Amino acid sequence: MIIKNVRILGGEPQDIRIEDGVITEIGQLGGEGIDGQGLIALPGLVDLHTHLREPGREDAETVQTGTQSAARGGYTAVHAMANTMPVADTAGVVEQVWRLGREFGHCDVQPVGAVTVGLEGKQLAELGAMADSAAQVRVFSDDGRCVDDAVLMRRALEYVKAFDGVVAQHAQEPRLTGGAQMNEGVISGRLGLAGWPAVAEEAIIARDCLLAAHVGSRLHVCHVSTAGSVEIIRWAKSKGWNVTAEVTPHHLLLTDDLVETSPNGSYNPIYKVNPPLRTAADVEALRGALADGTIDVVATDHAPHPVEDKETEWAAAAMGMVGLETALSVVQEAMVDTGLLDWAGVAERMSITPARIGRLTGHGQAIEVGAPANITLYDPSVRTEVDPSAFASKSRNTPYEGMTLPGRVVATFLRGKPTVLEGKLA
Ligand SMILES: [Zn+2]
């Protein structure tokens, strides 16, 4: 199979030959093939932070629909978060998720293991058994909840060193966010919603950077949302500490004033998310940090919820947004069309580095001869209105409905096999 006239990372048009799932030739090749005219080729995207909801909440998403959603977004691998029911805190459950991925996945599914039993923050889960399981877990997270006990966090960081693992922290000091509903600031005050202060995130990140340095381990900070968090991570990196960080597409584009003034009306729970949408100054800091490498990767925090959990009054609504099918378009809007990143930079932050942080083999490799043919073909020249009814995800809780965003994933190849062609599931 040959992909014709495609611009690898936005470079000059070339042809890519794929045989037996591997890239075997790149250049001006003869013969017929898939027309890549006008398209950019990126290495298949890798998400470090996806909620697939299976087992337990198959009404929101399944491994099948979640990975279909991922494929439509250009992803060839996702890390499946552990806050399922039951929680992925044993070798048995992570192997179950891994097997579901092998059987029903439209991309590779790499399970994340819980840090503590039942995400309860009281007792370390079987980290070693999950690492040794068929799923070979390397990323551990209680995401959705913070490992707020400093002693447990220290022990987890020490423990994962034995198998080159990483602890991915959902940084939220629970004592500072009791009942919190949205970013603490002018708008929360005006709307009368309990505020979620930036310091609740920043205090945990600072503590965890210090702990990771103290025990010589690897920390990954989930969904960084404030300018202060960026400063702390920049400081930790300047010390040479082993700290990486992610930002979500929605925190790169959306701000807390939408809760008050969105065209969809005020108090619309579509904008309710954890961590909350912050201010324009935070968005600017996050964009700058992603551009200069202080924040390493974009991760979606794809968080599907059924209509009944989302279309309710603000206080009762679930927190979270779907994100896999819009991530690349949002990154183009926030980072590429603003001149902050080129396509090579996007490939680093959405494929190469996330695979490296997750120690995921077979993904996140440059498009070159000998690499697995995990490739995303993307058309950056179109602009379309986001239509949630077209999503492959089982859930529709997107904040971008009706917005016009740039770009479209035209095709996704997983080891040479198309999972998406002409924008549709293959
Ligand atoms: Zn989280």
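We did not get these values from a lab; they are worked out from the coordinates using the rules stated. Being a predicted model, the structure only gives us computed values, none of them experimental. Positions of Cβ are backbone-derived with ideal geometry, glycine not excepted, and every protein chain shown enters the neighbour counts.
Within 10 Å, count the other beta carbons around each residue, average over each peptide in 72-79, 198-205, and list them highest first.
Peptide ranking by packing, descending: 72-79, 198-205.
Taking the Cβ of each residue in TRP98, TRP314 as the centre, tally the other Cβ atoms inside 10 Å and list the residues starting with the fewest.
Result, fewest neighbours first: TRP314, TRP98.
For the stretch 201-268, what does the alpha-carbon gyration tensor say about shape, rounded, prolate or oblate, given a ≥ b ≥ c as the root eigenvalues, a/c under 1.5 as rounded, and a/b over b/c as prolate?
It is prolate, given that a/c is not under 1.5 and a/b is the larger ratio.
Going by average Cβ density within 10 Å per residue, which order do the peptides 353-359, 289-295 take, highest to lowest?
Per-residue mean Cβ counts within 10 Å order the peptides as 353-359, 289-295.
Sort 189-195, 393-399, 46-52, 275-281 for me by packing, meaning the mean count of neighbouring Cβ atoms within 10 Å per residue, highest on top.
Top of the packing list down: 46-52, 393-399, 275-281, 189-195.
Relative contact order, percent, of the chain when contacts are C-alpha pairs under 8 Å separated by at least 6 residues?
20 percent
Rounded to two decimals, what is the ratio between the C-alpha radius of gyration of the chain and 2.2 N^0.38 Å?
0.93
Could you tell me the center-to-center distance, by alpha carbons, between the stretch 346-421 and the stretch 69-148 in angstrom?
Answer, in whole Å: 21.
Around ILE2, with a cut-off of 12 angstrom between Cβ atoms, what is the net charge of the other residues, counting Lys and Arg +1 and Asp and Glu -1?
Once all neighbours under 12 Å are counted, the net charge is -3.
Can you give me the orientation-averaged projected area of the convex hull built on the Cα atoms of the stretch 37-78, in nm²?
Spelled out: convex hull of the Cα atoms, projected over all directions, averaged, 3.4 nm².
Starting from the alpha-carbon convex hull of the stretch 130-214, give the projected area averaged over all orientations, in nm².
6.3 nm²
Where the centre of each part is set by its Cα atoms, how far does the stretch 297-341 sit from the stretch 196-229, in angstrom?
Centre-to-centre distance over Cα atoms comes out at 22 Å.
Taking neighbour counts of Cβ atoms within 10 Å as a proxy for exposure, in what order, fewest first, do ILE26, ILE40 appear?
ILE26, ILE40
Considering only DSSP states other than H, G, I, E and B, which trypsin sites (Lys or Arg not before Pro) in the stretch 82-186 qualify as loop sites with at most 13 other Cβ atoms within 10 Å?
For trypsin sites (Lys or Arg not before Pro) across the stretch 82-186 that sit outside H, G, I, E and B with at most 13 neighbouring Cβ atoms in 10 Å, the list reads LYS122.
What Kirkwood radius, in Å to one decimal, follows from the Cα pairs of the stretch 19-127?
15.7 Å
For LYS161, go through the lysines and keep the ones whose alpha-carbon is under 21 Å away, minus same-chain ones fewer than eight residues off.
Within the straight-line limit of under 21 Å, LYS161 reaches these lysines: LYS122, LYS237, LYS239.
Output the 0 to 90 degree angle, nearest 10, between the alpha-carbon long axis of helix 198-215 and the longest principal axis computed from the alpha carbons of the chain.
Result, in degrees: 80.
What ranking do PHE104, PHE140 get, fewest neighbouring Cβ atoms within 10 angstrom at the top?
Ranking PHE104, PHE140 by Cβ neighbours within 10 Å, fewest first, gives PHE104, PHE140.
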